[in-house]
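Below is one structure; the comments refer to it alone.
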Amino acid sequence: MWKPLNVENKERADQVLNSIADTLYSYDFNQVGIGLMGGKAGIALFMYYYYRYTNNEKYLDKANEYIESDFEQINNGFSFGTHAGGISGILYALSIIKEEGFVDIDKELFQEFDTYLSESITNCFKNNNYDFLHGALGYGIFFLRYPELYIDNLEKAFDNLKDMATDFKENGVAWHSVNSHANFEGYNLSLSHGLSSIIHFLAKLYEHDICKDRVYNLLKEAVKYLFYNLQPVDEIGSYFPAWSDPGVYEWSRMAWCYGDMGIAASLWQVGYITGNDEWREKAEEVLLFSANRRDVMKELVRDAGLCHGSAGLALMFHRMYNYTQRIEFKETAEYWVDVTFKFSNSEDGVAGFKAYRPANSEGNTKETGMLEGAAGVGLSLISAMSEIEPKWDATLLLS
């Protein structure tokens, strides 16, 4: 059974959740995009879980409206495919909705997209785009929801990943990545876009007995490269950099997207799935160190969102508390919930929340969606204050 956090905060959480729910309930569909991470599918997930939290059917009805709106756009020609903003992410959300019993959906609905999804993942690999949020791995993790239907695609995905890997010999293997926004390329270690998402995917293939021996051999080499990038934590302040630059140490922030938290969360699951205690123990070591990184400004926690904010950290530590029963993770999750409440202070925000934007852009902005916006904050708070397990966090590779 899922163990909630300190329910002394429940009254405050309920106020915030009610504000988020009512704001999103009345939000104009035309102001919300399509998709999982920033669009209607992610908001629908919040509405479904808030319905379970409150037993108020109006939120169930609204969730269904959001999903129906996404599919209406697909039927009208929308053909973007990625996990973050496209069809594969919407289907992933739908698979969770089905699993949780919110709606009754026949598997045949998913199979209608087989050809499209197969062609999309093939094109991503042809372009060397393995990215979880915006490339091949996003399709791959949806296929893992129904491995019996997509076994051929999953085997091909493994073969492509193996072929794409750069072999650093005694230092393991890694995958080249390009950050077009920062005009930088190299070997990304992150959970959002890099190596940590790949080892998660490989571990899930292993769990489903797909190319098992070959998968484990590649997985060992990938984790070896991850460990090759370990830093002197007492000197640098983090165990891992965001990007690999051998011989150069670089501090990384506290966040789901980049840095120690996402890397360790992935490594713990990989160790658990494969039965490798060394990997799991190293992950717990990193997470215990991270539990003491509570300087909000120093750690660059500038908003509440799941991606790089306090609600994301609360969720991750809460998930690790439920995995390990370590009280340190529970207490740290409660700390980040308290920080989340403090971010609900913007008069023109979504239920008081705004997503942080650097000073050289347009400033903080209103975000309704799951990854950076109010829907994700709400989902995190529901799991914090109730026995409702956040199975939706599989969309972020956290379970």
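For the subset of the stretch 76-101 comprising residues that are in contact (Cβ under 8 Å) with a residue 60 or more places away in the chain and part of a helix (DSSP H, G or I), which member is farthest from the chain's Cα centre (by Cα)? Going through the qualifying residues, I end up with E99. Residues in the stretch 360-387 that are in contact with a strand residue (DSSP E or B) (Cβ under 8 Å, 6 or more places away or on another chain), touching a residue at least 12 places away in the same chain (Cβ under 8 Å) and open to solvent by 30 Å² or more (accessible area, probe 1.4 Å): N364, K366, E367, E372. Annotation note: of L267, L230, the sole residue that is at pLDDT 95 or above and within 21 Å of the chain's Cα centre (by Cα) is L267. The stretch 229-320 holds helices (runs of 4 or more DSSP H) entirely within its bounds, and those carrying 2 or more residues that are open to solvent by less than 30 Å² (accessible area, probe 1.4 Å) map to 260-274, 277-290. Taking residues in the stretch 102-123 that are closer than 14 Å to T82 by Cα, and partners anywhere that are loosely packed, with under 13 Cβ neighbours inside 10 Å, the pairs with Cβ atoms closer than 9 Å and at least 6 places apart or on different chains are Y116/S79; S118/D152. Among the residues of the stretch 39-67, the one identified as crowded, with 24+ Cβ neighbours inside 10 Å and assigned to a loop (DSSP other than H, G, I, E, B) is G39. With respect to Q73, is the statement that it is under 19 Å from D28 (Cα atoms), open to solvent by 30 Å² or more (accessible area, probe 1.4 Å) and more than 22 Å from the chain's Cα centre (by Cα) true? It is true that Q73 is under 19 Å from D28 (Cα atoms), open to solvent by 30 Å² or more (accessible area, probe 1.4 Å) and more than 22 Å from the chain's Cα centre (by Cα).
The residues in the stretch 231-255 that are charged (D, E, K, R) and touching a residue at least 24 places away in the same chain (Cβ under 8 Å) can be counted, and the count is 2. Restricting attention to the stretch 202-220, does a residue exist that is β-branched (V, I, T), surrounded by fewer than 22 Cβ atoms within 10 Å (Cβ to Cβ) and closer than 30 Å to K107 by Cα? Within the stretch 202-220 (the criterion being β-branched (V, I, T), surrounded by fewer than 22 Cβ atoms within 10 Å (Cβ to Cβ) and closer than 30 Å to K107 by Cα), the answer is yes, since at least one residue qualifies.
Scanning the stretch 335-359 for residues being crowded, with 19+ Cβ neighbours inside 10 Å and either charged (D, E, K, R) or in contact with a strand residue (DSSP E or B) (Cβ under 7 Å, 6 or more places away or on another chain) (or both) gives a total of 4.
The values are calculated or read from the model by the stated rules, or taken from the named source; none is laboratory data. All values reported here derive from a predicted model rather than from experimental measurement. Glycine gets a Cβ as well: all are built from the backbone with ideal geometry, and neighbour counts include every protein chain shown. Side chains included, ligands, DNA and RNA excluded: accessible areas come from the protein's heavy atoms. Shrake-Rupley method; radii C 1.70, N 1.55, O 1.52, S 1.80 Å.
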